[in-house]
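Since the structure comes first, as structure tokens, the remarks are kept for the end.
The values are calculated or read from the model by the stated rules, or taken from the named source; none is laboratory data. This one's a predicted model, so the numbers in the text were calculated from it and none came from an experiment. Quick reminder, even Gly has a Cβ in these numbers, built from the backbone with ideal geometry, and neighbours come from all protein chains shown.
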Amino acid sequence: MRALRCFLIVVALHSTMVSLNAQEHRASIRGVVVDPASKGIANVEVRVTREETGETRSVRTDGEGRFSVPELPAGVYRVNVEQSGYGPFVARSELAMNQEIWLRVPLQLGTLIQAVDVNAPFIPVDRDTPALHTFID
């Protein structure tokens, strides 16, 4: 009985560690939506679409205009922001594992369409080492 209990504890700890490790390899898109006076705009819908699959996630900005879309698999994403009275904003970016993109989304009054192509340096993963982090001095 004691051996069975120890085995179940080890299995539970292992499955927890595997799920935590899986979450570390995800990317995220965070940012802020601002008006022409650089003040955050609350309750704006931000849609993030993975181009390879068409999967879309939507979030709303908080009271300060901030948004966060965590736990994204690596890939190419399109970010669409639309708000009544402002022109739409579109950004496209390729996210790598463990990468976080910060977007400042300046909405303009009227119907002007803004498109931004975000290019971040891609750091290839060295599969021959156990290192998962890059340190920049």
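Below are the figures for this structure:
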quantity	calculated
In region 79-100, residue farthest from residue 30 (Cα to Cα) [restricted to those that are loosely packed, with under 15 Cβ neighbours inside 10 Å and of a type in the set (D, E, K, R)]	82
Those residues of region 51-63 which are surrounded by 13 or more Cβ atoms within 10 Å (Cβ to Cβ) and within 17 Å of residue 39 (Cβ to Cβ), in sequence order	61, 62
Residue within region 26-48 that is charged (D, E, K, R), modelled with pLDDT under 90, touching a strand residue (DSSP E or B) at 6+ places or on another chain (Cβ under 8 Å) and not in a strand (DSSP E or B) present	yes
